[in-house]
Amino acid sequence: MACDWAAPLGLSVSEQTALQQAPLFQGLGDDALGQLLTGATVAPLLQGQPLFLQDEPAKRLFLLLTGWVRLYRLGHDGTEAIVGVVAAGETFAEAASFADAVYPVCADAIAPSRVLCLAKSAFERAIAADGTIALRMLGSLSHRLRRLVVQIEHLQVKSAPQRLASFLVGLSPARTGGVTLTLSLPKALIAQRLGMRPETLSRAFATLRKLGVSQRGSEVTIADLGTLAGFADTDGRSGCC
């Protein structure tokens, strides 16, 4: 049965779960969630459709329910510099929203996506009424910082094949056995997310063949997720590429 706060938004059961498991909302009761979701909307985005533009006033923050979103900055000459790629279950634009600032980047969908758009004003009212929500916000930003630290660590100590292995394991809802995944991201953006060049990504896929990973177009077949996860967690300095 849908929760009272979920019904007006038309969230599926899996989307409700994604919301409740996001660090920003984890552990909050239905009443607190209802306050935070006042004025929230769900934006269905087609591939390539923009969500917000660089230098727009930051009046909302976001939770990606399904799909992928690209964050990038535009240079004065129109060139794009990709800042990050957001996966389902991740929140973004919190810092800009609560700094009374503008969005420092553009955001658009790189696959068909559903985004929960949260009103900054609802958070301000909820925080004024309940200080524990402010602590939850700080916890969410702390979680984001820890995740960035882990990403930096992976870039420094994990080999390219290990970073790719970790990414593939993270895409699978299962954790053991064999699985076939469909990559909804272009290889260039997967490489960007993993901090490598597209040609390095191709070599990483080739290296993972000996671990039972095969790729044909956008489909990736993994013979055993446990084996791949074990490889991803080994000392990166012993990896290749």
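The values are calculated or read from the model by the stated rules, or taken from the named source; none is laboratory data. Since the structure is predicted, the reported quantities are computational estimates derived from the model, not experimental observations. Don't worry about glycine lacking a Cβ; one is built from the backbone with ideal geometry, like all the others, and counts go over all protein chains shown.
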Flag if VAL42 is touching a residue at least 12 places away in the same chain (Cβ under 8 Å) and more than 21 Å from LEU171 (Cα to Cα)
yes
Looking at the range 1-60, which of its residues are of a type in the set (Val, Ile, Thr) and in contact with a helix residue (DSSP H, G or I) (Cβ under 6 Å, 6 or more places away or on another chain)?
THR38, VAL42
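Yes or no: GLN54 touching a Leu at 6+ places or on another chain (Cβ under 9 Å), part of a loop (DSSP other than H, G, I, E, B) and in the same structural domain as LEU141 (by TED's automatic domain parsing)?
yes
Looking only at residues in the range 115-124 that are surrounded by fewer than 20 Cβ atoms within 10 Å (Cβ to Cβ) and in contact with a strand residue (DSSP E or B) (Cβ under 7 Å, 6 or more places away or on another chain), which one is farthest from LEU138 (Cα to Cα)? Outline the logic, then answer.
Filtering the range 115-124 down to residues surrounded by fewer than 20 Cβ atoms within 10 Å (Cβ to Cβ) leaves 117, 119-122, 124.
Now narrow it down to the ones that are in contact with a strand residue (DSSP E or B) (Cβ under 7 Å, 6 or more places away or on another chain): 117, 119-120.
Values: CYS117: 19, ALA119: 18, LYS120: 15 Å.
Among them, the one singled out is CYS117.
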Extreme residue, nearest to LEU9 (Cα to Cα), among residues of the range 42-81 that are loosely packed, with under 15 Cβ neighbours inside 10 Å and hydrophobic (A, V, I, L, M, F, W, C):
LEU46
Against the definition (of a type in the set (S, T, N, Q), in a helix (DSSP H, G or I) and modelled with pLDDT of 90 or more), how does SER140 come out, yes or no?
no
Limited to the range 143-196, what total is found for residues that are farther than 29 Å from GLY48 by Cβ, at pLDDT 85 or above and small (Gly, Ala, Ser)?
4
The correct count of residues that are over 19 Å from ILE110 (Cα atoms), without any contact (Cβ under 8 Å) to a residue 40 or more places away in the chain and part of a helix (DSSP H, G or I) in the range 190-214 is 5
